[in-house]
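For reference, the structure is listed below as structure tokens.
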Amino acid sequence: MSTGRDDDALSWQGDDDPTLDVGSSPAEERPALPGGYQAVGRGSAEVGRIEADGTVTPAGAPAPLGNAMLITFGILGGVYLLYTIGWIIGALRLDTVAPMLIVSPAAYVPAFWLAVLAPALWFGVTLWLTRRSAAWVRIVWLIGGAVLLIPWPFIMIGAVGQ
């Protein structure tokens, strides 16, 4: 029953037909220089750079963030998430006190949602508006927002309250 050839299972009749070969042409390699070199003259703006690990970064591509900056963004993102949770807890605690104040429920509910969404909005809008800025500018705006958006009801009353 078998023909005795082990390669029969690994091939298909007609694989060697040249009309079936529709492989794509290789992509054109862009010029790149290793670190420490600078291209000059016509077309020098299109020359990428070769990193130490051998990868090529195209010209005009933004430099990737370093580990310290990614960790800083992660920590600040966690702070903003905790602020959102703090605003939820603090505002729910104030819900029992709000009728005694001169705040109508029609004003309290939108203010509640604005306070809860403010940390996430600040974080997202800061990342979006400073995407072309230096990393330190982004960090300054994020730290400024962390100071500005402290959940005061949670800090003053706490989760349990008095």
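The values are calculated or read from the model by the stated rules, or taken from the named source; none is laboratory data. It should be emphasised that the depicted structure is a prediction, and the values quoted were computed from it without experimental measurement. A quick note on method: Cβ atoms are made from the backbone with ideal geometry, for glycine too, and the neighbour counts reach across all protein chains shown.
What the table shows:
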quantity	calculated
Matching residues in region 100-133 - criterion: being not polar (S, T, N, Q) and not in a helix (DSSP H, G or I)	101, 102, 103, 131, 132
Complete set of residues in region 106-162 that are of a type in the set (Val, Ile, Thr), touching a residue at least 24 places away in the same chain (Cβ under 8 Å) and exposed (fewer than 12 other Cβ atoms within 10 Å of the Cβ)	155
Hits in region 50-83 - residues which are modelled with pLDDT under 70 and of a type in the set (A, V, I, L, M, F, W, C)	50, 52, 56, 59, 61, 63
